[in-house]
Amino acid sequence: MAIFRKRKNDALPEELALPVHVGIIMDGNGRWAKKRGLPRKAGHREGAKVFRKITRYCASIGIKYLTVYAFSTENWRRPEDEIGALMGLFKSYLEEALSDFKDDDIVVKFIGDRTGFSPELQALMDDNEEISKDRKGMVLNIAMNYGSRDEIVRAVKNISARVSSGELSQDDITAQTVSDSLYTAGQPDPDLIIRPSGEYRISNFMLWQAAYTEFVIMNKLWPDFKEADMDEAIQIFNQRNRRYGGV
Ligand code: IPE
Ligand code: IPE
Ligand code: MG
């Protein structure tokens with residue numbers, strides 16, 4: 001549920017309700033580069049800068065949970081050199097986050113199957129989680145090698161193993177049992193999911209968690225996304241009437 005924001009800048013009026021959990025499908029890097037006659041990896045480089053900026057902005061206005069979709073389980077289908085460039089960008093970010101972003105007070109978590117990454121990247125992911133776990137600020141979930149179907153299959157396997165072992169009775173399985181078995185266990189469902197780049201699809205992002213999420217599709221490519229676009233998305237979110245099946 002939304003909370004009332006503390007006034008920290010003039011762009012957003014004080015009475016605006018802030019979504020507690022925001023998801024962003026960071027899409028459009030390739031098209032941004034293509035428009036400029038640049039290789040796709042140049043778009044990813046720019047997108048990574050925008051990710052750093054928007055993450056800090058979300059923390060500064062009081063967002064409690066931010067989940068960014070950085071790499072899907074399907075993105076391995078891309079050409080080898082593009083994947084290589086993305087892995088390089090992940091590495092630079094994870095190294096920087098360890099040494100340079102210490103004052104940001106952000107709790108960093110990774111959602112997705114990290115065993116798909118190199119041992120070096122996996123170690124950086126573990127280190128980032130470890131170093132940030134006691135911080136008090138915004139929780140940043142970085143979805144890497146994340147696919148929601150994969151996440152749900154993993155949850156089903158986990159629940160069935162608990163039933164087989166007798167730890168859990170089949171009759172006691174509820175929607176909450178499933179939520180508690182996802183990567184986002186213990187976190188509120190996203191209130192708002194933003195997809196830049198104008199695509200009207202979910203692309204395997206938070207299928208279970210987004211049951212009652214408000215979607216805002218924006219016609220901007222991710223590398224062009226600004227703080228003001230985040231403000232606009234929050235303003236649009238405020239105009240929505242969430243009914244959760246009621247009246
Ligand atoms: C999103 O931008 C970044 C990743 C999926 C890693 P895209 O690379 O999908 O950019 P478009 O959609 O091709 O423009
Ligand atoms: C979704 O974007 C995944 C990320 C932004 C990481 P895609 O570009 O992979 O999605 P599709 O292929 O357009 O559905
Ligand atoms: Mg895309």
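The values are calculated or read from the model by the stated rules, or taken from the named source; none is laboratory data. All figures in this text were calculated on a predicted structure; none of them were measured in a lab. Note that we place each Cβ from the backbone using ideal geometry, even for glycine, and neighbour counts take in every protein chain shown. To get the accessible areas, we keep the full protein, side chains included, count just its heavy atoms, and leave off ligands, DNA and RNA. Shrake-Rupley method; radii C 1.70, N 1.55, O 1.52, S 1.80 Å.
Contact list please: Cβ distance under 9 Å, first residue in region 33-46 and within 11 Å of ALA85 (Cα to Cα), second residue outside any helix (DSSP H, G or I), pairs at least six apart or on different chains.
The qualifying pairs are ARG40/ARG78; ARG40/PRO79; ALA42/ARG36; GLY43/GLY28; GLY43/ARG36; GLY43/LEU221.
Read through the list (1) in contact with a Pro (Cβ under 9 Å, 6 or more places away or on another chain); (2) modelled with pLDDT of 95 or more; (3) away from ligand 3 (no atom under 16 Å from the Cβ); (4) not hydrophobic (A, V, I, L, M, F, W, C), then give the number of the only condition that ASP27 fails.
ASP27 satisfies every listed condition except (3).
Here is a list: ASN219, ASN238. Which entry is more than 27 Å from ARG149 (Cβ to Cβ) and within 16 Å of ligand 2 (Cβ to nearest atom)? Before you say what the answer is, go through the steps one by one.
Details: ASN238 fails: within 16 Å of ligand 2 (Cβ to nearest atom).
It is ASN219.
Could you look through region 27-39, keep only residues that are within 7 Å of ligand 1 (Cβ to nearest atom) and open to solvent by less than 40 Å² (accessible area, probe 1.4 Å), and pick out the one that is farthest from MET218 (Cα to Cα)?
The first filter runs over region 27-39 and keeps only residues within 7 Å of ligand 1 (Cβ to nearest atom), leaving 27-32.
Narrowing the set further to residues that are open to solvent by less than 40 Å² (accessible area, probe 1.4 Å) leaves 27-30, 32.
Values: ASP27: 10, GLY28: 11, ASN29: 14, GLY30: 16, TRP32: 14 Å.
Per the stated criteria, the residue is GLY30.
When residues of region 46-56 are filtered for being among the hydroxyl-bearing types (Ser, Thr, Tyr) and surrounded by fewer than 19 Cβ atoms within 10 Å (Cβ to Cβ), how many remain? Before you say what the answer is, go through the steps one by one.
Here is the first cut: in region 46-56, the ones among the hydroxyl-bearing types (Ser, Thr, Tyr) are 55.
Checking the rest, the ones that are also surrounded by fewer than 19 Cβ atoms within 10 Å (Cβ to Cβ) come to none.
Qualifying residue count for the region: 0.
Failed condition for GLY198, given (1) within 16 Å of ligand 1 (Cβ to nearest atom); (2) farther than 19 Å from SER72 by Cα, with all others met?
Every condition holds for GLY198 apart from (2).
Is it true that ASP103 is on the phi < 0 side of the Ramachandran plot, in a helix (DSSP H, G or I) and at pLDDT below 95? Working first, answer last.
Working: on the phi < 0 side of the Ramachandran plot: yes; in a helix (DSSP H, G or I): yes; at pLDDT below 95: yes.
Yes.
I want to confirm something. Restricting to region 88-138 and keeping residues that are among the hydroxyl-bearing types (Ser, Thr, Tyr) and either touching a Leu at 6+ places or on another chain (Cβ under 7 Å) or surrounded by 15 or more Cβ atoms within 10 Å (Cβ to Cβ) (or both), which single residue is farthest from PHE205 (Cα to Cα)? First the steps, then the outcome.
Within region 88-138, the subset among the hydroxyl-bearing types (Ser, Thr, Tyr) is 92-93, 99, 115, 118, 132.
Remaining after also requiring either touching a Leu at 6+ places or on another chain (Cβ under 7 Å) or surrounded by 15 or more Cβ atoms within 10 Å (Cβ to Cβ) (or both): 93, 132.
On the way: TYR93: 22, SER132: 24 Å.
Looking at the filtered set, the residue picked out is SER132.
Applying the selection to region 179-191, what residues are crowded, with 16+ Cβ neighbours inside 10 Å and part of a helix (DSSP H, G or I)? Show your work before the answer.
Looking only at region 179-191, we keep the residues that are crowded, with 16+ Cβ neighbours inside 10 Å, and these are 179, 181-184, 187, 189-191.
Matches in region 179-191: SER179 only.
Could you check MET218 against (1) within 30 Å of PRO39 (Cα to Cα); (2) touching a residue at least 60 places away in the same chain (Cβ under 8 Å) and say which number it fails?
Condition not satisfied by MET218: (2).
Does LEU168 satisfy the criteria of being part of a helix (DSSP H, G or I) and either open to solvent by less than 50 Å² (accessible area, probe 1.4 Å) or in contact with a Gly (Cβ under 9 Å, 6 or more places away or on another chain) (or both)?
Details: part of a helix (DSSP H, G or I): no; either open to solvent by less than 50 Å² (accessible area, probe 1.4 Å) or in contact with a Gly (Cβ under 9 Å, 6 or more places away or on another chain) (or both): yes.
Considered against the rule, which asks whether it is part of a helix (DSSP H, G or I) and either open to solvent by less than 50 Å² (accessible area, probe 1.4 Å) or in contact with a Gly (Cβ under 9 Å, 6 or more places away or on another chain) (or both), LEU168 comes out as no.
For region 192-201, indicate whether the set of residues that are among the hydroxyl-bearing types (Ser, Thr, Tyr), within 16 Å of ligand 3 (Cβ to nearest atom) and either assigned to a helix (DSSP H, G or I) or farther than 30 Å from LEU221 by Cβ (or both) is non-empty. Steps first, please.
Quick first cut of region 192-201, residues among the hydroxyl-bearing types (Ser, Thr, Tyr) only: 197, 200.
From what's left, within 16 Å of ligand 3 (Cβ to nearest atom): 197, 200.
From what's left, either assigned to a helix (DSSP H, G or I) or farther than 30 Å from LEU221 by Cβ (or both): 197.
For region 192-201, residues among the hydroxyl-bearing types (Ser, Thr, Tyr), within 16 Å of ligand 3 (Cβ to nearest atom) and either assigned to a helix (DSSP H, G or I) or farther than 30 Å from LEU221 by Cβ (or both): present.
Evaluate the following for ALA59: is it at pLDDT 95 or above and within 16 Å of ligand 3 (Cβ to nearest atom)? Break it down stepwise before answering.
Details: at pLDDT 95 or above: yes; within 16 Å of ligand 3 (Cβ to nearest atom): no.
In short, no.
Just name the residue that is nearest to ligand 3 (Cβ to nearest atom) out of those in region 62-81 that are in a helix (DSSP H, G or I) and surrounded by fewer than 17 Cβ atoms within 10 Å (Cβ to Cβ). Show your work before the answer.
Here is the first cut: in region 62-81, the residues in a helix (DSSP H, G or I) are 75-77, 80-81.
Okay, now just the ones that are also surrounded by fewer than 17 Cβ atoms within 10 Å (Cβ to Cβ), so 76-77, 80-81.
Numbers: TRP76: 14, ARG77: 12, GLU80: 18, ASP81: 17 Å.
Applying the filter and picking the extreme gives ARG77.
Is it the case, given these coordinates, that GLN176 is of a type outside the set (D, E, K, R), over 22 Å from MET87 (Cβ atoms) and open to solvent by 20 Å² or more (accessible area, probe 1.4 Å)? First the steps, then the outcome.
Working: of a type outside the set (D, E, K, R): yes; over 22 Å from MET87 (Cβ atoms): yes; open to solvent by 20 Å² or more (accessible area, probe 1.4 Å): yes.
When the stated conditions are applied, GLN176 passes them.
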